[in-house]
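Worksheet: the structure to be examined is printed underneath.
The values are calculated or read from the model by the stated rules, or taken from the named source; none is laboratory data. Because the structure is predicted, anything quoted here is derived from the model rather than measured. Reconstructed Cβ throughout: ideal geometry from the backbone, glycine too, with neighbour counts over all protein chains shown. Remember, those area values only see protein heavy atoms, side chains included, never the ligands or the DNA or RNA. Shrake-Rupley method; radii C 1.70, N 1.55, O 1.52, S 1.80 Å.
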Amino acid sequence: MTRPLISNRDARRLFLDRHLLLRPTSGSGKGRDLDQLLDRLGFVQVDSVNTLARAHDLILWSRRGQYRPQNLERLVAKDRTAFEHWTHDASVIPMQFYPMWRLKFTRDEARMQSRWWQGRREGWMAETETVLRHIADHGPACSMDVGEEETKGSSGWWDWHPSKTALEYLWRSGQLAICHRSGFRKFYDLSERVIPAEYLNSHRCDAEIVDWAMSAALERLGFATSGELAAFFEITTREEAKAWCTAALAQGRILEVDVELADGSRRRSFSTEAVLASLPDLPDPSSRVRLLSPFDPMLRDRARTERLFGFHYRIEIFVPEAKRRFGYYVFPVLQGDRLIGRIDIKRAERALDLRAFWSEPGVPLGKLRQAALMSELDRLKGLAGTEELRLGADWLRSA
């Protein structure tokens with residue numbers, strides 16, 4: 001039986017539309033509007049690199065030009081309509097998804113116990129109980145507030161002191177929740193003092209959670225393999241994802257399709273009748289140029305992005321400077337339904353310094369495209385808190 005074919009043009013536009021990057025959008029970027037944006041994306045990854053703006057802020061600003069960083073912090077710390085936890089990485093997640101994270105809490109707890117507690121179970125149990133009791137008695141705490149007698153390193157996760165490890169364990173297992181941040185430092189409190197009761201006390205069986213995670217991922221991706229669906233929230237195992245797809249296919253809830261890739265080859269995936277019916281109604285893309293965070297949901301699965309758009313991207317933070325092809329932290333640039341290049345730009349006091357822009361092969365930066373890029377950089381000044389744009393002498397380069 002011939003499988004339906006989603007052309008590369010339609011696949012790119014559908015993918016962008018599901019990631020809210022196809023159409024012109026408007027909204028306040030705060031309160032209820034931001035809640036709805038977060039729900040449609042599924043989550044937004046949190047990252048500390050701040051050469052231009054933090055990843056989560058640029059992700060949201062790319063979709064809501066009026067968004068400002070304090071708006072997301074308010075959802076987590078005051079409104080309690082979002083919480084911080086783990087997907088494939090640390091993320092801000094809609095609060096209504098909290099009950100679905102219980103499966104992740106349980107599995108993360110077992111994984112951390114097997115990794116960290118081998119031969120030291122009693123010591124780790126005592127440490128976690130001490131940290132938990134400190135927070136219960138004294139309220140929210142950060143890693144600097146616990147383990148007073150420990151020697152504390154500062155070079156990152158690889159030298160976590162015992163109390164920091166205990167905090168991470170208690171958070172990842174759902175016993176603590178992040179109640180707010182100060183700067184970028186996390187403060188933890190008991191989950192019952194952070195998570196609203198209607199979500200804290202809601203329980204679902206494992207099968208319900210797996211079904212939700214797979215269905216919600218497919219809704220946000222439009223089409224995907226079982227592995228891509230499992231990787232979206234990182235709640236289900238690859239085996240559970242395969243079993244779900246087999247059952248959903250037999251039930252007629254999903255169907256197999258072929259997706260045309262940028263090189264003309266085809267990749268078998270899963271989608272739905274509703275998605276296929278929506279393809280003729282996808283609009284032509286906006287002509288706006290957008291800077292994307294390297295952690296943008298569109299780019300999270302770099303292999304998928306490369307297959308669909310023919311755009312190879314890697315973060316070169318950990319590449320020795322002499323071996324970098326582009327730069328320390330370079331931003332992909334989207335226009336329409338194409339990734340047109342990458343840009344090396346950073347905030348320097350009250351200015352944006354544009355060091356370099358590399359066009360993709362076959363995508364010249366003509367006058368109109370250059371004007372669109374400059375318009376985006378002018379808008380970006382509001383997010384970055386800068387007043388001027390400074391152009392390097394040789395900023396326009398070829399890849």
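Of note:
- Number of positions in region 191-215 that are under 16 Å from GLN175 (Cβ atoms) and either in a helix (DSSP H, G or I) or hydrophobic (A, V, I, L, M, F, W, C) (or both): 7
- Tally of residues being over 15 Å from the mean Cα position of the chain (by Cα), of a type outside the set (D, E, K, R) and open to solvent by less than 30 Å² (accessible area, probe 1.4 Å) across region 17-30: 3
- Remark: pairs (first residue in region 229-243, over 21 Å from ARG172 (Cβ atoms); second residue open to solvent by less than 20 Å² (accessible area, probe 1.4 Å) and part of a loop (DSSP other than H, G, I, E, B); Cβ separation under 9 Å; 6+ apart in sequence or on different chains) = LEU229/THR236.
- Filter result for GLU316 (among the acidic types (Asp, Glu) and over 26 Å from LEU60 (Cβ atoms)): no
- The criterion of being more than 30 Å from GLY227 (Cβ to Cβ), in contact with a Phe, Trp or Tyr (Cβ under 7 Å, 6 or more places away or on another chain) and either modelled with pLDDT of 95 or more or open to solvent by 10 Å² or more (accessible area, probe 1.4 Å) (or both) does not hold for HIS138.
- Contacts under 6 angstrom Cβ, first residue in region 268-288 being within 15 Å of VAL257 (Cα to Cα), partner of a type in the set (Gly, Ala, Ser) and at pLDDT 95 or above, 6 or more apart: SER269/ALA224; VAL275/GLY222
- If you go through region 343-399 and pick out every residue that is open to solvent by less than 30 Å² (accessible area, probe 1.4 Å), closer than 18 Å to ARG324 by Cβ and touching a residue at least 60 places away in the same chain (Cβ under 8 Å), you end up with 1.
- Considering only residues in region 364-399 that are charged (D, E, K, R) and under 12 Å from ILE343 (Cβ atoms), the one that is nearest to the chain's Cα centre (by Cα) turns out to be GLU376.
- Checked across region 84-100, the condition of being assigned to a helix (DSSP H, G or I), modelled with pLDDT under 95, aliphatic (A, V, I, L, M) and open to solvent by less than 20 Å² (accessible area, probe 1.4 Å) holds for no residue.
- Residue satisfying all of: in region 1-16; modelled with pLDDT of 95 or more and either among the acidic types (Asp, Glu) or farther than 24 Å from SER215 by Cβ (or both); most open to solvent (accessible area, probe 1.4 Å) among these: ARG9
- Any hit, region 112-128, residues being at pLDDT 90 or above, of a type in the set (D, E, K, R) and surrounded by 15 or more Cβ atoms within 10 Å (Cβ to Cβ): no
- Enumeration of residues in region 233-247 that are in a loop (DSSP other than H, G, I, E, B) and surrounded by fewer than 24 Cβ atoms within 10 Å (Cβ to Cβ): GLU234, THR237
- Filtered residues of region 59-81 (kept if of a type in the set (A, V, I, L, M) and closer than 15 Å to ALA177 by Cα): LEU75, VAL76, ALA77
- Residues in region 318-336 that are more than 24 Å from LEU389 (Cβ to Cβ) and either within 20 Å of the chain's Cα centre (by Cα) or among the aromatic types (Phe, Trp, Tyr) (or both): PHE318 alone.
- Residues in region 301-325 that are crowded, with 18+ Cβ neighbours inside 10 Å and in contact (Cβ under 8 Å) with a residue 40 or more places away in the chain: ASP301, ARG304, ARG307, LEU308, PHE309, PHE311.
- SER48 being open to solvent by 40 Å² or more (accessible area, probe 1.4 Å), within 16 Å of VAL92 (Cβ to Cβ) and in a loop (DSSP other than H, G, I, E, B): yes
- Selected residue [modelled with pLDDT of 95 or more and closer than 25 Å to ILE59 by Cα] from LEU282, LEU249, LEU255: LEU282
- Verdict on LEU38 being open to solvent by 10 Å² or more (accessible area, probe 1.4 Å), of a type in the set (A, V, I, L, M) and either on the phi > 0 side of the Ramachandran plot or in contact with a Pro (Cβ under 6 Å, 6 or more places away or on another chain) (or both): no
- In region 70-83, of all residues being in contact with an Asp or Glu (Cβ under 9 Å, 6 or more places away or on another chain) and not in a helix (DSSP H, G or I), the one that is most open to solvent (accessible area, probe 1.4 Å) corresponds to THR81.
- Which listed residue, of ALA166, ALA177, is closer than 22 Å to LEU75 by Cβ and buried (at least 21 other Cβ atoms within 10 Å of the Cβ): ALA177
- In the set ASP211, ASP258, only one residue is charged (D, E, K, R), more than 30 Å from ALA77 (Cβ to Cβ) and under 23 Å from the mean Cα position of the chain (by Cα); that residue is ASP211.
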